[in-house]
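The values are calculated or read from the model by the stated rules, or taken from the named source; none is laboratory data. None of the values given here were measured: they were computed from a predicted structure. Backbone-built Cβ (ideal geometry, glycine too); neighbour counts: all protein chains shown. With ligands, DNA and RNA removed, areas are computed over all heavy atoms of the protein, side chains included. Shrake-Rupley method; radii C 1.70, N 1.55, O 1.52, S 1.80 Å.
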Amino acid sequence: MLYLDNCATTQVHPEVKDAMLPYLMEEFGNPSSKYYSFAENAKNAVIEARNHLASLLGCTSSEIIFTSGSTESNNMIIKGVADYFSNQGNHIITTKVEHPSVLETCKYLETKGFEVTYLDVDRFGRINIKDLENAIKDHTILVSIIWGNNELGSLNDMEAISNLCVKENVFLHSDATQVIGKVKVDLSNFPGLTFLSFSGHKFHGPKGIGGSFIRKDQYDILTKITPLLHGGGQEQGVRSGTLAVHNIVGFGKAAEIALDNLNQNIEHLSELESYLTDLLKEKFNEHIIFNNDIINKIPGLINVQFKGVNNEILLKKLAPLIAASTGSACSSSKPSHVLSAIGLTLDQVRSTIRFSMSSYINKVELDIFKKL
Ligand code: PMP
């Protein structure tokens with residue numbers, strides 16, 4: 001069975017598993033405990049993992065906050081900023097193509113009196129920088145724009161967005177869940193980006209672990225945002241709860257491997273994408289339409305309409321051989337809001353399939369499409 005749903009989740013790298021196991025068994029200490037070696041060893045492992053994440057992202061390790069994943073990071077940042085800054089403004093800007101963990105958080109905040117602008121996107125799901133500029137008001141407290149779209153792979157121009165947010169003096173958050181480990185991200189190049197969300201299981205780390213980047217800047221924002229989880233004050237007081245050391249160690253290992261292999265992986269994923277695109281064109285020619293762009297995107301992701309074919313039926317037919325999806329696993333029961341936002345009709349949305357690859361597969365495995 002060929003697994004082509006790597007935007008939903010990925011297989012843990014064998015070295016990630018090996019790195020994690022000791023922290024479930026002999027090194028099971030709580031890193032917040034004191035004086036004995038179980039605690040020291042766990043604490044040091046967390047420090048090392050945090051350093052790997054910081055190297056991957058181009059930030060300092062004290063700017064990394066461990067969470068349970070991007071859903072929590074998105075909630076923590078958006079609600080945390082909204083709550084703390086509610087006396088200075090109540091306006092948030094986001095896009096129509098965010099993940100539900102951003103959209104539903106914004107909808108919740110609307111019920112609490114916040115005003116949210118949902119920006120339109122172009123036919124590949126990217127925002128127009130002029131639209132963002134026009135949407136920023138005196139009472140805007142946060143802009144939250146997805147970096148790389150989970151259904152289409154399109155990358156937003158984060159440099160332009162970051163520069164605009166510096167000019168307008170407004171906080172910027174980005175959901176970078178799908179780009180980390182697949183696109184070069186050096187946060188030192190994005191001074192306007194104050195917050196980032198990411199998840200370990202999207203780049204061969206374990207599930208249930210992720211993080212937020214919170215920039216240490218003149219605003220000292222980390223100490224200001226209202227925590228989602230109050231408690232023992234772990235993670236600099238912004239995210240309480242005993243650290244999941246085994247998961248953090250696995251996450252750190254995945255970050256180390258991702259950084260060491262980034263260029264090769266990008267090249268490999270791009271080759272796989274071109275190869276599969278050509279195979280699909282050859283096999284299905286006028287019966288398919290590609291929804292994704294071919295440039296400025298996450299490599300290894302194809303989003304394609306099979307004209308007149310119901311995607312659920314097609315996925316079931318493919319399932320003995322190929323695992324793919326209609327789009328986001330998190331909202332698979334509803335027609336995609338992302339594809340609707342780029343202007344597809346309901347019929348077109350219902351005939352679309354996403355194939356997302358990983359660096360673990362090769363072209364020969366993709367040849368299975370020739371046999372369909
Ligand atoms: N944002 C994006 C863009 C995603 O693709 C996902 C996962 N599908 C999430 C957020 C949520 O991540 P998690 O389920 O790991 O919390």
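Data for the structure
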{"item": "Filter result (among the β-branched types (Val, Ile, Thr) and surrounded by fewer than 13 Cβ atoms within 10 Å (Cβ to Cβ)) within segment 275-293", "result": "none"}
{"item": "Hits in segment 1-56 (condition: closer than 30 Å to PHE369 by Cα and not in a loop (DSSP other than H, G, I, E, B))", "result": "LEU2, TYR3, ASP5, PRO14"}
{"item": "Strands (runs of 3 or more DSSP E) wholly inside segment 75-176 containing at least 1 residues that are of a type in the set (Gly, Ala, Ser)", "result": "140-144, 171-175"}
{"item": "Matching residues, segment 297-354, being closer than 14 Å to ALA8 by Cβ, modelled with pLDDT of 95 or more and within 16 Å of the ligand (Cβ to nearest atom)", "result": "ILE298, GLY300, LEU301, ASN303, ALA323, ALA324, SER325, ARG354"}
{"item": "Within segment 80-109, tally of residues that are of a type in the set (Lys, Arg) and over 18 Å from the mean Cα position of the chain (by Cα)", "result": "1"}
{"item": "Residue under evaluation LEU272, criteria (1) within 16 Å of the ligand (Cβ to nearest atom); (2) surrounded by 20 or more Cβ atoms within 10 Å (Cβ to Cβ); (3) of a type in the set (A, V, I, L, M); (4) closer than 23 Å to GLY205 by Cα, criterion not met", "result": "(1)"}
{"item": "Whichever residue in segment 122-151 is away from the ligand (no atom under 16 Å from the Cβ) and closer than 18 Å to ILE302 by Cα and, among such residues, is least open to solvent (accessible area, probe 1.4 Å)", "result": "ASP122"}
{"item": "Count - residues of segment 1-57 that are farther than 24 Å from LEU187 by Cα, open to solvent by less than 50 Å² (accessible area, probe 1.4 Å), away from the ligand (no atom under 16 Å from the Cβ) and among the hydrophobic types (A, V, I, L, M, F, W, C)", "result": "5"}
{"item": "Residues located in segment 93-140, provided they are closer than 17 Å to VAL81 by Cβ and basic (Lys, Arg)", "result": "LYS107, LYS112, LYS137"}
{"item": "Residues satisfying the stated conditions in segment 223-246, i.e. open to solvent by less than 20 Å² (accessible area, probe 1.4 Å) and of a type outside the set (D, E, K, R)", "result": "ILE225, VAL238, SER240, VAL245"}
{"item": "Which numbered condition PHE198 fails, given (1) open to solvent by 30 Å² or more (accessible area, probe 1.4 Å); (2) within 16 Å of the ligand (Cβ to nearest atom); (3) within 20 Å of ILE78 (Cβ to Cβ)", "result": "(1)"}
{"item": "Count of residues meeting criterion [of a type in the set (A, V, I, L, M), within 16 Å of the ligand (Cβ to nearest atom) and within 15 Å of ARG215 (Cα to Cα)] in segment 65-97", "result": "4"}
{"item": "Among residues of segment 177-195, those that are outside any strand (DSSP E or B) and either among the charged types (D, E, K, R) or over 17 Å from PRO299 (Cα atoms) (or both), counted", "result": "9"}
